[in-house]
1. Looking at segment 89-112, is at least one residue farther than 28 Å from Arg28 by Cβ and either surrounded by 13 or more Cβ atoms within 10 Å (Cβ to Cβ) or touching a Gly at 6+ places or on another chain (Cβ under 9 Å) (or both)?
2. Does any residue in segment 14-41 that is at pLDDT below 85 come within less than 9 Å, Cβ to Cβ, of a residue that is surrounded by 10 or more Cβ atoms within 10 Å (Cβ to Cβ) six or more places away or on a different chain, and which pairs are these?
3. Before we move on, is Pro70 under 20 Å from Ser38 (Cα atoms) and more than 14 Å from the chain's Cα centre (by Cα)?
4. Go over the candidates Lys92, Lys68 one by one and state the one that is part of a helix (DSSP H, G or I) and of a type in the set (Lys, Arg).
5. Suppose we filter Ser41, Ser63 for residues that are in the same structural domain as Thr112 (by TED's automatic domain parsing), in a helix (DSSP H, G or I) and under 20 Å from the mean Cα position of the chain (by Cα); which single one remains?
6. Which of the residues belonging to segment 6-37 are of a type in the set (S, T, N, Q) and surrounded by 10 or more Cβ atoms within 10 Å (Cβ to Cβ)?
7. Would you mind telling me which numbered condition in (1) farther than 22 Å from Leu107 by Cα; (2) without any contact (Cβ under 8 Å) to a residue 60 or more places away in the chain; (3) in contact with a helix residue (DSSP H, G or I) (Cβ under 8 Å, 6 or more places away or on another chain) Pro70 fails?
Amino acid sequence: MNYTVLISSILLVSVIIGISIWFLESRRRLETVKNFTSYASILVYHMEKAYELIHKDRILIYSLEATKLPDKEFERVTKEFIALSIKMLGPKLVKDLSYLYGNEQTLLFNMTDYFNTRYEEDEIRKGTIEEMMEQEVATEGEGIQQ
C-alpha cells in the first residue's frame, strides 16, 4: 500500500513538472515571437557593424578595382563575417537568436544570406563599374569623332 501511494505521488509530481515545463516553454516561445522585431533589430545592427569592418579590411580593395572576390576568398571572408557577428552579439544573444530561428544552423544561414546580399549590393563596386563604363563610352565616342 505504501508503495502505491509513493508511486502515485511520484507520478503526480512528474506530471505536474511536465505540465509546468510545457507551459513555461510555450510562454517563452510566445514572448520570443512577440519580441521578434527587437531581436531582429539587434541582429541587423551587429551584422551591419561587422559588415562595415569586414568590408573595410577585406572587400574594399576589390570594390575599388570593380572586381569580385575570388570564390575561396569569398568563403573565407563570409566565415570571418559570421565569426565577427557572433563575437559582437555575445553568447547570450546568440543563444536567444538560435532559439528564435529554431537552431544555430538556421541563424547562421540567415547571417550568410545577409552578407551575400550586402556584398552583391556593393555600391562602391557598382559606382566604379559605372565610371569605367562611362569612360569607355567616352573614349569610344572620341574615337568615332576622329
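The values are calculated or read from the model by the stated rules, or taken from the named source; none is laboratory data. If you're wondering where the values come from, they're calculated on a predicted model, not measured in any experiment. When we count neighbours, we look across all protein chains shown, and the Cβ atoms used for this are built from the backbone with ideal geometry, even at glycine.
1. First, the residues of segment 89-112 that are farther than 28 Å from Arg28 by Cβ: none.
No, because not a single residue in segment 89-112 is farther than 28 Å from Arg28 by Cβ and either surrounded by 13 or more Cβ atoms within 10 Å (Cβ to Cβ) or touching a Gly at 6+ places or on another chain (Cβ under 9 Å) (or both).
2. Arg28/Tyr99; Arg29/Tyr99; Thr32/Tyr39; Thr32/Asp96; Thr32/Tyr99; Thr32/Leu100; Val33/Leu100
3. Working: under 20 Å from Ser38 (Cα atoms): no; more than 14 Å from the chain's Cα centre (by Cα): yes.
No; evaluated as a whole, the condition is false for this residue.
4. On the way: Lys68 fails: part of a helix (DSSP H, G or I).
So the residue among Lys92, Lys68 that is part of a helix (DSSP H, G or I) and of a type in the set (Lys, Arg) is Lys92.
5. Values: Ser63 fails: under 20 Å from the mean Cα position of the chain (by Cα).
Exactly one residue qualifies, and that residue is Ser41.
6. Residues of segment 6-37 that are of a type in the set (S, T, N, Q), as a first pass: 8-9, 14, 20, 26, 32, 35, 37.
Result: Ser8, Ser9, Ser14, Ser20, Ser26, Thr32, Asn35.
7. Answer for Pro70: the failing condition is (3).
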